[in-house]
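Participant: Sharing a structure with you now.
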Amino acid sequence: MENDEITIAAGGNVKWRFPSVHPEGVKFGAIAAAITGLFFVMGWEIIGWLMLMVTIWVLAFFRDPIRAVPQDEGAIIAPADGLVTLIQRVPPPREMAGPDGLGDQPLIRVSIFMSVFDVHINRTPIGGTVKAVTYISGKFLNADLDKASEDNERQHILVERHDGLRIGFTQIAGLVARRIVPFVKPGDMVAAGQRIGLIRFGSRVDVYLPAGTAPRVILGQRTVAGETILGQIGDRRVIAGIQQ
């Protein structure tokens with residue numbers, strides 16, 4: 001089996017561990033915990049127990065689990081945990097269009113909706129150089145709606161690979177989300193699956209696949225940021241699926 005060798009990394013079993021809380025969420029957890037303690041001190045135990053649940057939820061919302069990122073240069077990695085709600089061929093956003101961006105021809109856009117129960121740390125789909133980070137203020141419509149891509153508060157990020165291939169993706173605020181927090185800036189070098197930002201409290205991420213690339217996910221599928229492969233660059237094969 002000279003041509004079919006499989007390399008298996010050593011290192012023993014992988015054990016489950018509690019995910020850490022991202023520093024961005026520590027202050028919110030601390031505030032919720034302080035309010036919880038105050039209610040108990042005042043003797044308002046019912047409200048205190050309710051606030052304790054809120055505190056646990058806040059800490060869980062900002063959880064930052066470790067992910068096993070596929071080391072495949074042709075893979076486009078999901079930037080967000082959530083539900084694939086839209087797969088459409090659309091023109092790229094004007095902020096990322098043109099010769100220095102994604103061009104002007106329609107591209108396949110995969111939209112991933114994040115509920116308030118999903119991990120909200122976003123990751124880059126490919127490795128390369130961050131060419132642009134463009135923030136746009138806007139509305140806070142339901143992120144599940146198609147028009148949220150054009151009307152809602154959002155942030156476009158454009159990443160260019162070493163061979164010149166570019167992929168753009170957009171963090172979109174939703175009904176509850178009120179803050180998009182970036183971890184990167186133009187000129188930064190990023191590895192595929194690296195953390196690039198978060199959106200607080202429910203939102204969506206759109207990914208624009210490069211021309212000639214078909215999605216490897218289907219509507220209704222759940223994605224895992226940093227792990228799920230949205231597509232293979234240059235692979236035009238379309239997959240079908242059913243919900244059952």
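The values are calculated or read from the model by the stated rules, or taken from the named source; none is laboratory data. Quick caveat, the model's predicted, so the values are computed rather than measured. Cβ sites come from the backbone with ideal geometry, for glycine too, and all protein chains shown count toward neighbours. Side chains included, ligands, DNA and RNA excluded: accessible areas come from the protein's heavy atoms. Shrake-Rupley method; radii C 1.70, N 1.55, O 1.52, S 1.80 Å.
Participant: Can you give the longest stretch of the chain with no exposed loop site, where a site means chymotrypsin sites (Phe, Trp or Tyr not before Pro) in a DSSP loop (not H, G, I, E or B) with at most 13 other C-beta atoms within 10 Å?
Facilitator: Maximal segment without exposed cleavage sites: 118-244.
Participant: If you don't mind, another one. Please calculate how many Å² of accessible area the chain carries per residue, with a 1.4 Å probe and no DNA, RNA or ligand atoms counted.
Facilitator: 54 Å²
Participant: I'd like the FRET efficiency for A30 and I66, computed as 1/(1 + (r/R0)^6) with the beta carbon distance as r and R0 of 22 Å, rounded to 0.05.
Facilitator: 0.40
Participant: Using modelled amide H (1.01 Å from N, peptide plane; none on Pro or chain starts), what sits under 5 Å from the amide H of L86, excluding residues fewer than 5 places away?
Facilitator: Those lying under 5 Å, H to H, from L86 are S111.
Participant: Distance from a point 7 Å along Cα→Cβ of A214 to each backbone N in segment 223-244: keep the residues under 18 Å and list them by number.
Facilitator: Residues passing the 18 Å test: 229-243.
Participant: Compute the acute angle (0 to 90°) between the alpha-carbon long axis of helix 23-41 and the principal axis of greatest extent of the alpha-carbon atoms of the chain; round to the nearest 10°.
Facilitator: 20 degrees
Participant: Now a separate question. At 1.4 Å probe size, with the rest of the protein present, what percent of the exposed accessible area of the chain is carbon and sulfur atoms?
Facilitator: After summing per-atom areas, the C and S share lands at 59 percent.
Participant: In sequence order, what are the phi-derived ³J(HN,Hα) couplings for segment 189-200 according to the Karplus relation 6.51 cos²θ - 1.76 cosθ + 1.60 with θ = phi - 60°, rounded to whole Hz, with x for glycine and proline?
Facilitator: Along segment 189-200, the couplings run 8, 10, 9, 4, x, 6, 5, 10, x, 8, 10, 7 Hz.
Participant: For a test of the definition: using alpha carbon positions, the gyration tensor, and the 1.5 limit on a/c, classify segment 178-244 as rounded, prolate or oblate.
Facilitator: oblate
Participant: With θ set to phi - 60° and the Karplus curve 6.51 cos²θ - 1.76 cosθ + 1.60, what are the ³J(HN,Hα) couplings of segment 230-244 in order, to the nearest whole Hz, using x for Gly and Pro?
Facilitator: Working through the residues one at a time gives 7, x, 10, 3, x, 8, 8, 5, 9, 9, 10, x, 10, 9, 8 Hz.
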